[in-house]
Amino acid sequence: MKKYNLGIIGLGNFGRFLISAYKKLPQVKIWAISDTNQETLKNVAKTENITNVYLDYADMLKDPNIDIALIRRCCDWAKWRWNVAITRWLAAVGSRSTRSCA
């Protein structure tokens, strides 16, 4: 079974939830995390044993080892719909794939 490398952008409460949820999936490895808060980034990386950390998500997306990128940034419905679209786009671009992520 192929294991997919996942990058998570945004380490607020939901970002941390995503880490714990995806760690339970045998086909997923949390490869990298990104957040603009250096202290949060450092703490989550240490707690979750993640070595690839980025203050700038754009740098993370350049990592050729990332197959899927998730972004979590907001809490209301309109912004949530925007984030779903961005997440799908980042997954396609981040994995260098031309397949639909829908």
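Residue pairs whose Cβ atoms lie under 6 Å apart, sitting 6 or more positions apart in sequence or on different chains, and linking a residue in the stretch 46-59 that is in a helix (DSSP H, G or I) to a partner that is among the small types (G, A, S), are Y57/S34.
Of all residues in the stretch 31-39, one or more are part of a helix (DSSP H, G or I) and either among the acidic types (D, E) or modelled with pLDDT of 95 or more (or both). Please indicate, with yes or no, whether at least one residue in the stretch 6-18 is at pLDDT 90 or above and of a type in the set (D, E, K, R). No: the stretch 6-18 contains no residue that is at pLDDT 90 or above and of a type in the set (D, E, K, R).
The values are calculated or read from the model by the stated rules, or taken from the named source; none is laboratory data. Owing to the predicted nature of the structure, the values given are computational and were not obtained by experimental measurement. With ideal geometry, Cβ positions are generated from the backbone for all residues, glycine too; neighbour counts draw on all protein chains shown.
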